[in-house]
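S.K.: Dropping the structure in here first, questions after.
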Amino acid sequence: GEAGGMTERMMRLAIQIGLILFAAKLGNILFEKMKLPGVLGEIMVGILIGPYALGGIPMPFLGGFEHGLFHAPESIRMSDMAVSPELYGFCSVASIVLLFVVGLETDLKLFLRYAAVGSVVGIGGVIVSFVSGDLLSVYFLPKIIPGVDFHFFHPACIFLGVMSTATSVSITARVLSEHKKMETPEGVTILAGAVIDDVLGVVMLAVGMGIARNVNSEGGIAWSIIGAGAAKTILIWLFATIASVLLARTISRGLKRFGSAIAIS
C-alpha cells in the first residue's frame, strides 16, 4: 500500500531520527557559538526541517519520501498530526525521558521550599499572558474579520489568550540543566513556576473549551459547568502530584533491591 510494510516504515523512522539528531546537534552548536542556549537552535532547526517547511517538500526520487522527509502519507497520518504515528510516539517517549532525567536532577526538598514562590511566578505569568493575548485579540480581530462582535469572553479571544499562556517545562528544564542551575534557588523557582504555568495552561484550555461549548441561546455562559471542569482538572493534577511525592521513596527503595545501576536507570 501507500504506507508500505512495517519494515519500510521502521526504515523511514530510522532515517528521520538520524536526520533529526544531526540537524539538532548542528543547531545546538551554531546557537552556542552565538552565546545563546543550544536548545533554541534545536527548536529553530526543527521548525525548518519540519513537515510544514522543508520536511514537507515532496521527494519522489527518494523511495518512501514521496510526501517529504517528515510528511507522513495520508494512509498512516494521525488525525491531528502531520507526521507518522511512529515518529510522534518516539518523540513523546523522548520528552518523557527528558523530564524524568530532570526529575532525577531536582532536589525535592529545595523544590518544595520554593514551590510557593514558584507558584506565584507561574500564576502571574499565566494571568499577564492570558489577559494580554485576549485584549490584543479583542483589538485586532475586528480589523481582520469586520462585522463580528469580538469581546473579552468571545471563544476566539479566549483561545488566543490561552495560546499566549503556553510554555514548555521541558525546554525550561533543559536550559537550567545545561547551565547547572537545577539545584539553585533561582533554578528551582523558575522550574516550579514553569510547572504551575503548564498546569494552569491546561486548566485555561479546559475553561476555554467549556466557554465555547456552554454558551446559551442568550449569549450567557454556564460558569457552573465550566468551574466544575476546571476543578476536576486541578484535583487530578493534585492527586497525581501528591501520590508521586508520597510513593517516590517507596519506588526508589524497590528499585535499589535490584542491586544494579542499569536496572535502576
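S.K.: Could you sort 161-169, 149-157 so that the peptide with the highest average Cβ count within 10 Å comes first and the rest follow in order?
M.R.: Highest-to-lowest ranking by the protection proxy: 161-169, 149-157.
S.K.: A follow-up question, please. Can you classify segment 89-196 as rounded, prolate or oblate using the Cα gyration tensor, where a ≥ b ≥ c are the square roots of its eigenvalues, rounded means a/c under 1.5, and otherwise it's prolate if a/b beats b/c and oblate if not?
M.R.: It is prolate, given that a/c is not under 1.5 and a/b is the larger ratio.
Coordinate-derived values only; no laboratory data. All figures in this text were calculated on a predicted structure; none of them were measured in a lab. Ideal geometry is used to build each Cβ from the backbone, glycine not excepted, and the neighbour counts take in all protein chains shown.
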